[in-house]
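The values are calculated or read from the model by the stated rules, or taken from the named source; none is laboratory data. What you see is a predicted model; the values in this text were computed from it and never measured. Backbone-built Cβ (ideal geometry, glycine too); neighbour counts: all protein chains shown.
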Amino acid sequence: MLVRDVTVNGRTYGWPARPLVVVCLDGSAFEYIDRAIVAGVAPFLRSLVSSGFFRLVHSALPSITNTNNASIVTGVPPAVHGIIGNFFLDRSTGEAVMMNDASFLRAETILSAFSRAGARVAIVTAKDKLRRLLCHDVDGPCLSIEAKGVEVYSAELSERALAEGVGLLESAAPNIMYVSTSDYVQHKHAPGEAAANRFYAALDRSLAAIDRLGATLVVTADHGMRAKADTAGRVRAVFLQDVVDDWLGRDTARVVLPITDPYVRHHGSLGSCAMVYLGAEPVIVEAPALVERINGLRGIDVAVAHAEACRRFDLPLDRTGDIVVFADAETVIGTRATEHDLSALDAPLRSHGGRAEQQVPMLVNRRAGDIAVAAKTQLHNYDAFDVGLNRCE
Ligand SMILES: [Zn+2]
């Protein structure tokens, strides 16, 4: 095997001296890990926090699953890789398009680049939708636990994903492995709840096993998670399509929610990001009055017009709405109240998507060399492979 650096999407990654395992713990706001540590059930994660490398970093925006998994495996933000969520509006057809497969991914993954260079690469995902997005052009084991028949709405799905990763590390001896879990537990349970602590205890055991096998381990998350219901359990939502219909006339503007996905029991398609489209072309006079009105709504963190939003949030010009809207930490955005079936939710809503869920941990089982220099700029979860391959001692 030719050992050499691999350059992909403008970054050069060193060949792994020992196996590198990058783990994306879906929906893991640091509070989940912290509370499990305090409860004494996550001794390995505790050791990472106290003696490995630990930083709170930013996720890509919107703070949702596919966007961030795509960012982590490509090392670049959505402006480059193009995956801004599960759905975007195709302006030429007026249709909301689902982008759950690799044909929408515009950047090569670090995984496929190393695979092409002759590295042994392995990928394990909890959900099958992510396997299809991430495994493109990778020659090596790529599997999802969902495809093995495990219940998708379960803690087991993620626990098995990590356990499978441990098994593959032993049996397939990959140079590079990526493991991605699901956020079923975090959508349902707050940090410190018994079910959450049980879950992190199980993850902790597998992470410790990866460490014992001698791999460099980088643990991060795709997004955080926050309570989006009031104390009575009622969802705090801005139904933005209803609002703009009321202001402008029905269907004058179109609200698309990037978090919309078929797994409705997680969040009823309610997250903290929305894209507002005003017409077939990106609007040049960027509807400043509408931006201002949306900014004035209770529960809204910020509304930003297209060009500025793409600049500020690293979003792709052609897949971003005329106005990008983030709800605040306690609030989600829906389309019309009648379009969200919340009967499938079996716990008070917890969700993500906004800037308030952008902070995630990065934990490494080695010292990371010149990270102090890099810390001058904001570290992101999509620096995980850079940290693991270029900055660890
Ligand atoms: Zn997620």
(message) Exactly one of these conditions fails for PRO262: (1) within 25 Å of GLY233 (Cβ to Cβ); (2) at pLDDT 95 or above; (3) assigned to a loop (DSSP other than H, G, I, E, B). Give me its number.
(response) (2)
(request) For region 106-138, enumerate the residues that are modelled with pLDDT under 95 and of a type in the set (Asp, Glu). (result) ASP128, ASP137
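Conditions (1) closer than 14 Å to VAL179 by Cβ; (2) within 19 Å of the chain's Cα centre (by Cα); (3) surrounded by 17 or more Cβ atoms within 10 Å (Cβ to Cβ), marked per residue:
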position: ASP90; (1), (2), (3): no, no, no
position: THR93; (1), (2), (3): no, no, no
position: SER112; (1), (2), (3): no, no, yes
position: ARG116; (1), (2), (3): no, no, no
position: VAL121; (1), (2), (3): yes, no, yes
position: LEU130; (1), (2), (3): yes, yes, yes
position: VAL138; (1), (2), (3): yes, no, yes
position: ALA155; (1), (2), (3): no, yes, yes
(message) Give me the residue from region 33-55 that is in a helix (DSSP H, G or I) and among the small types (Gly, Ala, Ser) and, out of that set, nearest to the ligand (Cβ to nearest atom).
(response) ALA36
(request) Output the residue which, of all residues in region 1-32 that are surrounded by fewer than 22 Cβ atoms within 10 Å (Cβ to Cβ) and polar (S, T, N, Q), is nearest to the ligand (Cβ to nearest atom). (result) ASN9
(request) Go through region 315-355 and give me each residue that's surrounded by 15 or more Cβ atoms within 10 Å (Cβ to Cβ) and in contact with an Asp or Glu (Cβ under 7 Å, 6 or more places away or on another chain). (result) ASP322, PHE326, ALA327, ASP328, GLY354, ARG355
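Regarding HIS58, is this residue more than 16 Å from the ligand (Cβ to nearest atom) and either closer than 26 Å to TYR13 by Cα or modelled with pLDDT of 90 or more (or both)? Can you show your working first?
Details: more than 16 Å from the ligand (Cβ to nearest atom): no; either closer than 26 Å to TYR13 by Cα or modelled with pLDDT of 90 or more (or both): yes.
The answer is no for HIS58.
Would you confirm, using the coordinates I've provided, whether ASP242 is over 23 Å from LEU61 (Cβ atoms), free of Cβ contacts under 8 Å to residues at least 24 places away in the same chain, of a type in the set (Asp, Glu) and surrounded by fewer than 22 Cβ atoms within 10 Å (Cβ to Cβ)?
It is false that ASP242 is over 23 Å from LEU61 (Cβ atoms), free of Cβ contacts under 8 Å to residues at least 24 places away in the same chain, of a type in the set (Asp, Glu) and surrounded by fewer than 22 Cβ atoms within 10 Å (Cβ to Cβ).
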(request) Please work out if ALA42 is at pLDDT 95 or above, under 11 Å from the mean Cα position of the chain (by Cα) and not charged (D, E, K, R). (result) no
(request) Hand me the list of strands (runs of 3 or more DSSP E) wholly inside region 143-258 holding 3 or more residues that are under 30 Å from TYR13 (Cβ atoms) and within 15 Å of the ligand (Cβ to nearest atom). (result) 176-180
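Looking for whichever is aliphatic (A, V, I, L, M) and touching a residue at least 60 places away in the same chain (Cβ under 8 Å) here; the options are LEU143, LEU162, LEU157. Which one fits?
Values: LEU143 fails: touching a residue at least 60 places away in the same chain (Cβ under 8 Å); LEU157 fails: touching a residue at least 60 places away in the same chain (Cβ under 8 Å).
After applying the criteria, what remains is LEU162.
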(message) I need the full set of residues from region 306-341 which are in contact with a strand residue (DSSP E or B) (Cβ under 6 Å, 6 or more places away or on another chain), outside any loop (DSSP other than H, G, I, E, B) and among the small types (Gly, Ala, Ser), in order please.
(response) ALA309, ALA327, GLY334, ALA337
